[in-house]
Amino acid sequence: MVTIKDIAREAQVSEGTVDRVLHNRGGVSKQTETKIKAILKKHNFTINPVASALASKNKYHIAVLIPKFSDTDIFWKSPYMGIQKAANDYRSFGIDVRFYRFDQYDSRSYENHFKALLRTTPSMVLVVPLFLKETKRFVGELEQQSIPYMFLNIDVQGFHNMTFIGQDSYTAGYLAGKLMHSIFSEDTNVLIIHSKHNTSVNQTVSNRIEGFTDFFAKQHFKNRPLILKIDAFNTSKETKAAITTFLKKHPKVKGLFIPSSRINIIVDCIAPALLKHYRMIGFDNTPKNIECLENESVSFLISQKPFDQGYESIQVMADYLLKKKIPNDKIYLPIDILTKENVKYNERNELLFEMGNL
């Protein structure tokens with residue numbers, strides 16, 4: 001008997017894509033939909049009513065608390081899409097994923113969405129724990145209700161989360177330090193630029209900075225990294241002035257490390273004629289960051305596989321709900337070093353999914 005897996009293999013798409021076509025859920029390109037329907041017709045494929053009935057009896061509700069993304073701050077789009085793809089793939093198994101998207105700069109938004117998801121009594125919860133105080137309070141309520149939860153992207157200590165899925169941020173920062181040192185033939189001055197908001201709420205950024213500075217400390221270099229904290233990552237006159245003034249005051253600085261996904265903002269704040277004097281390392285292959293890498297304003301980007309983080313988080317939760325499979329305490333994804341030459345091959349699954357071909 002022909003299965004959805006067989007149809008997916010013949011169409012060269014995922015089982016979730018076939019499922020979306022079967023149930024008219026959308027999110028598939030017209031070309032792919034036409035191809036799948038032709039294969040379904042060729043095999044006289046029909047939905048198994050028994051399997052559908054079993055899936056309907058075993059409904060699990062996963063609540064996802066994740067930051068919103070925008071055109072100017074697009075990083076969270078990738079894990080969101082990874083979660084969305086996994087939600088599509090596991091829907092036929094009775095897994096229902098619901099999103100609660102908060103403003104990452106507003107703790108009240110985080111709090112309100114956390115309260116909203118608690119009212120639904122989910123089977124499991126996936127949390128991006130940006131605000132520590134609020135997280136402590138609300139995961140306490142999850143624990144009282146015996147609702148298991150996992151952390152995505154930001155690893156914070158002192159909680160009873162089932163697992164963490166994301167990057168080993170300290171090691172990624174240490175690697176960035178090693179890359180920065182490899183660019184120069186001698187001990188040189190480097191500068192870390194970060195926003196006050198990021199280090200106050202985002203443990204991932206703090207860990208990267210710690211790893212980066214530890215590399216230089218362990219090498220016993222004379223020159224230790226300098227640090228510039230700015231109020232916010234934008235291209236306002238105040239931000240540009242703060243960066244320009246600091247760099248003029250420290251003319252020996254040659255390397256810039258930006259431990260977040262906003263390195264393109266720093267590039268835009270530096271006069272084009274001066275960019276050639278600096279070697280820059282940042283994180284994440286967002287479209288604007290890739291543009292900076294390709295025009296050689298940035299030397300390296302370090303990818304934390306955000307699409308895969310999102311997908312794997314739902315996969316791990318589904319395995320627990322359906323098979324009672326207990327995950328490891330930490331699930332670290334690969335740390336990819338991206339260059340002008342290899343960046344277009346990274347996150348291929350995300351691109352295919354966005355195009356409706358996965």
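Below 16 Å, Cα to Cα, which lysines can K41 reach? Residues fewer than 8 away in the same chain don't count.
The reachable lysines, counting only those whose Cα sits under 16 Å from K41, are K5.
Figure the gain on full extension for R137 and S107 (residue separation times 0.36 nm, minus the Cα-Cα span) and round it to one decimal in nm.
9.5 nm
Based on the alpha-carbon gyration tensor of the range 206-358 and its eigenvalue square roots a ≥ b ≥ c, which shape applies: rounded if a/c is under 1.5, prolate if not and a/b is larger than b/c, or oblate?
The shape class here is prolate.
If I model a spin label at K42 and H277 as a point 7 Å from the Cα along the Cα→Cβ vector, what separation in nanometres do I get?
6.3
Across the range 60-117, how large is the tail of the calculated P(r) beyond 17 Å, expressed as a percent of all Cα pairs?
43
Among rounded, prolate and oblate, which fits the chain when a ≥ b ≥ c are the square roots of the eigenvalues of its C-alpha gyration tensor, a/c under 1.5 means rounded, and a/b larger than b/c means prolate?
Since a/c reaches 1.5 and a/b is larger than b/c, the shape of the chain is classed as prolate.
Of all GluC sites (Glu not before Pro) in the range 160-245, which ones are in loop regions per DSSP and have a Cβ with at most 13 other Cβ atoms within 10 Å?
Here the sparse-neighbourhood loop sites are E186.
Size of the range 189-258 along its principal axes in angstrom, Cα-based, largest extent first?
Extents along the principal axes, in whole Å: 37, 31, 12.
For the range 180-282, what's the relative contact order in percent, using C-alpha pairs closer than 8 Å and at least 6 residues apart?
36
Can you give the log10 of the normalised intensity I(q)/I(0) at q = 0.14, 0.18, 0.22, 0.25 Å⁻¹, computed with Debye over equal Cα scatterers of the range 103-197?
For the range 103-197 at q = 0.14, 0.18, 0.22, 0.25 Å⁻¹, log10 I(q)/I(0) is -0.64, -0.87, -1.14, -1.36.
Let me know the Rg and Dmax you get for the range 125-261 when you use only its Cα atoms, in Å.
17.9, 57
Output the pairs from K133/K248; K68/K237; K229/K276 with a Cα-Cα distance over 31 Å in this structure; if there are none, say none.
Over 31 Å Cα-Cα: K133/K248.
Kindly work out what percent of the DSSP beta bridges joining two residues of the chain are antiparallel, to the nearest 5.
Taking every DSSP beta bridge with both residues in the chain, the antiparallel ones total about 10 percent.
With a 1.4 Å probe and all protein chains left in place, how much of the accessible area of the chain comes from carbon and sulfur atoms, in whole percent?
The computed percentage sits at 50.
Compute a Gaussian network model of the chain, connecting alpha carbons closer than 10 Å, and tell me which residue from V267, V298, V97 fluctuates the most.
Among V267, V298, V97, the largest GNM mean-square fluctuation belongs to V267.
Rounded to whole Å and sorted largest first, what semi-axes of the equivalent ellipsoid does the C-alpha gyration tensor of the range 216-294 yield via the square root of 5 times each eigenvalue?
The three semi-axes for the range 216-294 are 20, 16, 12 Å.
Tell me, what ³J(HN,Hα) does each residue in the range 325-342 have, in order and in whole Hz, if you take phi through Karplus 6.51 cos²θ - 1.76 cosθ + 1.60 with θ = phi - 60° and put x for Gly and Pro?
For the range 325-342, the Karplus-derived couplings read 7, 7, x, 5, 4, 10, 10, 8, 8, x, 9, 9, 9, 9, 10, 4, 7, 10 Hz, x marking Gly and Pro.
Between T34 and I326, what is the label-to-label distance in nm when each label sits 7 Å out along the Cα-to-Cβ direction?
Distance between label points: 5.2 nm.
What number, in percent, do you get for the relative contact order of the range 224-349 if the mean sequence gap of Cα pairs under 8 Å and at least 6 apart is divided by its residue count?
For the range 224-349, the relative contact order is 20 percent.
From the helices alone, meaning DSSP H stretches of at least four residues, give me the mean residue ellipticity at 222 nm for the chain, per-run term -39500 (n - 2.57), in deg cm²/dmol to the nearest 500.
After summing the helix terms and dividing by the residues of the chain, the value is -14500 deg cm²/dmol.
What accessible area per residue comes out for the chain, rounded to a whole number of Å², with a 1.4 Å probe?
Using a 1.4 Å probe on heavy atoms only, each residue of the chain averages 49 Å².
Scaled to the compact-protein estimate 2.2 N^0.38 Å, what is the alpha-carbon radius of gyration of the range 101-156, rounded to two decimal places?
1.03
If I take every Cα pair under 8 Å that is 6 or more residues apart in the range 85-197, average their sequence separation and divide by the length, what percent do I get for the relative contact order?
Relative contact order here is 16 percent.
Can you give the % of DSSP beta bridges in the range 189-341 that are antiparallel, to the nearest 5?
For the range 189-341, the DSSP antiparallel bridge percentage is about 15.
Name the residue, out of T46, T171, T188, whose mean-square fluctuation peaks in a Gaussian network model built on the chain with Cα pairs under 10 Å.
Greatest mean-square fluctuation among the candidates belongs to T46.
Please say if the range 1-149 is rounded, prolate or oblate, where rounded means a/c under 1.5 for a ≥ b ≥ c the square roots of the C-alpha gyration tensor eigenvalues, and otherwise the choice is prolate for a/b larger than b/c and oblate otherwise?
oblate
The values are calculated or read from the model by the stated rules, or taken from the named source; none is laboratory data. As the structure is a prediction and not an experimental result, all values here were calculated from the model. No Cβ is skipped: glycine too gets one built from the backbone with ideal geometry, and neighbour counts run over all protein chains shown. Note: areas computed on protein heavy atoms with side chains; ligands, DNA, RNA excluded. Shrake-Rupley method; radii C 1.70, N 1.55, O 1.52, S 1.80 Å.
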